[in-house]
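Chemist: Structure incoming, see below.
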Amino acid sequence: MALRKILKQGDSALEKVCRPVEKFDRKLHWLLDDLRETLEEADGVGLAAPQVGILRRAVIVVDDQEQMIELVNPVIIRQEGEQDGWEGCLSVPGMYGKVRRPSSVTVRAQDRNGNFFEVSGEDMVARCFCHELEHLDGHLFVEHTDKLYTVEELEAMEEDN
């Protein structure tokens with residue numbers, strides 16, 4: 001396993017549509033292991049392959065039990081409700097925006113061996129599924145928000161409330 005460099009907003013790889021994973025081999029396993037290690041090191045809740053420069057449809061999302069879920073070729077098959085909340089991104093460090101997402105999401109994906117499964121998430125996990133899957137189509141959360149805020153600006157807004 002190896003730590004990978006997380007690309008930042010402005011890198012053209014983050015704007016590209018990723019290709020489906022077709023080979024469920026050692027190379028994919030290495031990628032998923034590297035995504036896991038890189039995500040742990042960055043202390044994030046999700047990471048998509050294009051964020052480390054690999055244009056394949058693979059993401060890692062941390063669930064409510066702090067377990068990392070590997071999603072290969074993921075597709076949202078159900079979404080319900082709405083929630084507004086703050087989002088950040090490892091590719092847009094130090095900046096946050098208010099984004100509206102579904103409050104419940106079910107994803108159909110494949111595991112590292114190609115087996116299909118479904119997984120559902122509520123609230124933060126649903127938000128994370130949506131956020132990470134958008135990376136696979138070349139989109140960032142900043143497209144959904146009117147204004148970006150620094151941590152200091154968020155803290156100041158909290159103090160005013």
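Chemist: Which of the residues belonging to segment 53-87 are over 27 Å from W30 (Cβ atoms) and surrounded by 18 or more Cβ atoms within 10 Å (Cβ to Cβ)? Give the steps one after another, and end with the answer.
Modeler: Step one: filter segment 53-87 for residues over 27 Å from W30 (Cβ atoms), giving 64, 77-87.
The answer is E87, and nothing else.
Chemist: Among the residues that make up segment 45-52, is at least one of them over 16 Å from G114 (Cβ atoms), surrounded by fewer than 16 Cβ atoms within 10 Å (Cβ to Cβ), modelled with pLDDT of 95 or more and not polar (S, T, N, Q)?
Modeler: The answer is no; no qualifying residue exists.
Chemist: For E41, work out the one condition from (1) on the phi < 0 side of the Ramachandran plot; (2) among the acidic types (D, E); (3) outside any helix (DSSP H, G or I) it doesn't fulfil.
Modeler: All conditions pass for E41, except number (3).
Chemist: Do we find that V151 is modelled with pLDDT under 95 and over 20 Å from S12 (Cβ atoms) in this structure?
Modeler: Details: modelled with pLDDT under 95: yes; over 20 Å from S12 (Cβ atoms): yes.
When the stated conditions are applied, V151 passes them.
Chemist: Oh, and also: Identify, from the list F24, F117, the residue that is assigned to a strand (DSSP E or B), farther than 20 Å from G138 by Cα and not aliphatic (A, V, I, L, M). Spell out how you get there, then give the answer.
Modeler: On the way: F24 fails: assigned to a strand (DSSP E or B).
That would be F117, the only listed residue that is assigned to a strand (DSSP E or B), farther than 20 Å from G138 by Cα and not aliphatic (A, V, I, L, M).
Okay, residues lined up against (1) at pLDDT below 95; (2) of a type in the set (A, V, I, L, M); (3) out of contact with any Cys (no Cβ under 8 Å at 6 or more places or on another chain):
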site	(1), (2), (3)
I60	no, yes, yes
R78	no, no, yes
V105	no, yes, no
R108	no, no, yes
E118	no, no, yes
V125	no, yes, yes
C128	no, no, yes
E132	no, no, yes
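Chemist: From the residues in segment 105-148 that are surrounded by fewer than 20 Cβ atoms within 10 Å (Cβ to Cβ) and among the acidic types (D, E), which one is farthest from Q9 (Cα to Cα)?
Modeler: The selected residue is E118.
Chemist: Next up: If you take the residues in segment 79-105 that are of a type in the set (D, E, K, R) and outside any loop (DSSP other than H, G, I, E, B), which one is farthest from the chain's Cα centre (by Cα)? Steps first, please.
Modeler: Going through segment 79-105, the residues of a type in the set (D, E, K, R) turn out to be 80, 82, 84, 87, 98, 100-101.
Retained after the next criterion (residues that are outside any loop (DSSP other than H, G, I, E, B)): 80, 84, 87, 98, 100-101.
Details: E80: 19, D84: 17, E87: 11, K98: 16, R100: 15, R101: 13 Å.
So, considering only residues that are of a type in the set (D, E, K, R) and outside any loop (DSSP other than H, G, I, E, B), the one farthest from the chain's Cα centre (by Cα) is E80.
Chemist: Then there's this: Any residue at all in segment 51-67 that's in a loop (DSSP other than H, G, I, E, B), in contact with a Leu (Cβ under 8 Å, 6 or more places away or on another chain), charged (D, E, K, R) and more than 20 Å from T145 (Cβ to Cβ)?
Modeler: Of the residues in segment 51-67, the ones in a loop (DSSP other than H, G, I, E, B) are 53-55, 57, 63-67.
From what's left, in contact with a Leu (Cβ under 8 Å, 6 or more places away or on another chain): 53-54, 57.
Filter again for charged (D, E, K, R), leaving 57.
Within this subset, residues satisfying the condition of being more than 20 Å from T145 (Cβ to Cβ) are 57.
Yes, because at least one residue in segment 51-67 is in a loop (DSSP other than H, G, I, E, B), in contact with a Leu (Cβ under 8 Å, 6 or more places away or on another chain), charged (D, E, K, R) and more than 20 Å from T145 (Cβ to Cβ).
The values are calculated or read from the model by the stated rules, or taken from the named source; none is laboratory data. Since we're looking at a predicted model, the values are computed, not measured. For neighbour counting, all protein chains shown are included, and Cβ atoms are generated from backbone atoms with ideal geometry for every residue, glycine included.
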